[in-house]
Protein chains: 2
Amino acid sequence: MAVGGAFEKTGRLEVRPEEHAALVDGRPLSLTVRELQLLVTLWSNPQRILTREELHTSVWGTPPRRDDRSVDVYVSRLRAKLGAALPDQKLIYTHNGIGYRFSPDG
Amino acid sequence: MAVGGAFEKTGRLEVRPEEHAALVDGRPLSLTVRELQLLVTLWSNPQRILTREELHTSVWGTPPRRDDRSVDVYVSRLRAKLGAALPDQKLIYTHNGIGYRFSPDG
DNA sequence: TGCACTTGTGAAAAACCTGTAAACAACGGT
DNA sequence: ACCGTTGTTTACAGGTTTTTCACAAGTGCA
């Protein structure tokens, strides 16, 4: 496969759940456990809208309590770190009233 | 099965209630929760005339109050978004004095 | 055609939801 | 005990959706 050419636009983010790691261009992001769990959950379900319930259950192990905002707070932190490493890529999309979706493309 | 030919005219709209999504040609429409609920209700009952009462009850959970126009307002918004994505297809038909009907074909 | 009634739709107001900083708590290491 | 780090909760600004309203446009019938 061609490598030299213009510039790679994909594959910049690698997620390795077994290694508890997420890399951008080969350099590890420093994510906390929760941030990584959240990223892994989203990344494992690309293009799919995940509800807050699903996300909370996957990351915290239990469904969220009423008015729990932790998913939002962690999405915000994750976006900040991903955004710092990949300034020009939008990866996590909000679906108002439902939850979030991870999409490497649009 | 033939694939190349002229152009597909059907199957352009997909509705996936479990995934909180509606797609046209594979691309997600950005519908609000109410808009999606309304579309799902109509789409689940193709060719059938649904009264405002039925639609309101299905989407809002309660029958409409006297002079409630919310069903009409949301039908209008839904038509606008569907029309933008599928300019040449009429999907939602009005039945004066009764309600609306969803028909992928005529 | 004229009238009464119904529907379509833009826009304002109200309600609701999300983004994010900051306060606070818990914990491990020194 | 103090410090740095992570996790949890709260508060508030800003954004989006829902609701409501008003009027234009359409429909059907005498």
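Taking the listed residues A:LEU50, A:LEU42, A:LEU55, the one that is part of a helix (DSSP H, G or I), within 14 Å of another protein chain (Cβ to nearest Cβ) and either without any contact (Cβ under 8 Å) to a residue 12 or more places away in the chain or among the hydrophobic types (A, V, I, L, M, F, W, C) (or both) is A:LEU55, with no other qualifying. Cβ separations smaller than 6 Å between residues 6+ apart or across chains give the following pairs from region A:78-97 residues that are touching a residue at least 40 places away in the same chain (Cβ under 8 Å) and more than 14 Å from every other protein chain (Cβ to nearest Cβ) to residues that are assigned to a helix (DSSP H, G or I) and within 11 Å of DNA strand D (Cβ to nearest atom): A:LEU78/A:GLU35; A:LEU78/A:LEU38.
Within the option set A:GLU14, A:GLU19, A:GLU54, being over 22 Å from A:THR94 (Cα atoms) and of a type in the set (D, E, K, R) holds for one residue only, A:GLU19. Out of the residues in region B:66-95 that are at pLDDT 95 or above and among the basic types (Lys, Arg), which is surrounded by the fewest Cβ atoms within 10 Å (Cβ to Cβ)? So, considering only residues that are at pLDDT 95 or above and among the basic types (Lys, Arg), the one surrounded by the fewest Cβ atoms within 10 Å (Cβ to Cβ) is B:ARG69.
The values are calculated or read from the model by the stated rules, or taken from the named source; none is laboratory data. Values in this document were obtained by computation on a predicted structure and should not be read as measured data. Methodologically, a virtual Cβ is constructed for each residue, glycine included, from the backbone with ideal geometry; neighbour enumeration extends over all protein chains shown.
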